[in-house]
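The values are calculated or read from the model by the stated rules, or taken from the named source; none is laboratory data. All figures in this text were calculated on a predicted structure; none of them were measured in a lab. So basically every Cβ, Gly included, is an ideal-geometry build from the backbone, and we count neighbours across all protein chains shown. Protein only, heavy atoms only, side chains kept; ligands, DNA and RNA dropped before computing areas. Shrake-Rupley method; radii C 1.70, N 1.55, O 1.52, S 1.80 Å.
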Amino acid sequence: MAAGARKAVYPLFQQGGPQLRIFRPNFFMLAVRPGVPQPEDTVQFRVSMEMTKVDIRNYLEKIYNVPVAAVRTRIQYGANNKRNHRNQRVKKPDYKVAYVQLGQGQTFQFPNLFPEKEQDTETRSFDDFKNKYMEREKQRQKGDPKRGGVPDWFGF
């Protein structure tokens, strides 16, 4: 063993005595932006296939102190329509989706990671100039209405 490395020594188990170890779950929960609108008190997660509804509730309540009213889960089957270079079917893995309804009065809203920037006056004036120019060009290229849609270059 190296001189600077220490070996972690845990106390022996004692009946009724507190343990110094902290056990963290070997699960993951990924908050996902839902594809369809949902109520403000519902959050969609992609979770590990081994997690049960009780595990999800305990995970959120114990670790993050989030009150949970209800948990619904479903298994999303992976797509099976691709083929590899040997023409064998390639299936994407299945995953579990959990819909967590938060407690009374709790709401969740995804943060706006890419807010619209306020344009400065110089950029705004350039955009106005560009829009006016494009309108003038469209009017100029519109052509003669008497020709019935036939372009100017076609004819005598």
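If you scan region 54-71, which residues turn out to be exposed (fewer than 15 other Cβ atoms within 10 Å of the Cβ) and within 15 Å of L30 (Cα to Cα)? I63, Y64, listed by residue number. Please indicate, with yes or no, whether at least one residue in region 97-110 is touching a helix residue (DSSP H, G or I) at 6+ places or on another chain (Cβ under 7 Å) and either within 30 Å of R72 (Cβ to Cβ) or assigned to a strand (DSSP E or B) (or both). Scanning region 97-110, I find at least one residue that is touching a helix residue (DSSP H, G or I) at 6+ places or on another chain (Cβ under 7 Å) and either within 30 Å of R72 (Cβ to Cβ) or assigned to a strand (DSSP E or B) (or both), so the answer is yes. Just one of the listed residues (V66, V54, V43, V47) is among the aliphatic types (A, V, I, L, M), in contact (Cβ under 8 Å) with a residue 24 or more places away in the chain and farther than 17 Å from Q106 by Cβ, and it is V47. Comparison of V71, V36 shows that the only residue that is under 15 Å from Q106 (Cα atoms) and either within 18 Å of the chain's Cα centre (by Cα) or hydrophobic (A, V, I, L, M, F, W, C) (or both) is V71.
For (1) touching a residue at least 24 places away in the same chain (Cβ under 8 Å); (2) under 30 Å from L30 (Cβ atoms); (3) open to solvent by less than 100 Å² (accessible area, probe 1.4 Å), each residue gets a yes or a no:
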{"position": "R89", "(1), (2), (3)": "no, yes, no"}
{"position": "A98", "(1), (2), (3)": "yes, yes, yes"}
{"position": "Q101", "(1), (2), (3)": "yes, yes, yes"}
{"position": "G105", "(1), (2), (3)": "no, yes, yes"}
{"position": "E116", "(1), (2), (3)": "no, yes, no"}
{"position": "E122", "(1), (2), (3)": "no, no, no"}
{"position": "K132", "(1), (2), (3)": "no, no, no"}
{"position": "R140", "(1), (2), (3)": "no, no, no"}
{"position": "P151", "(1), (2), (3)": "no, no, yes"}
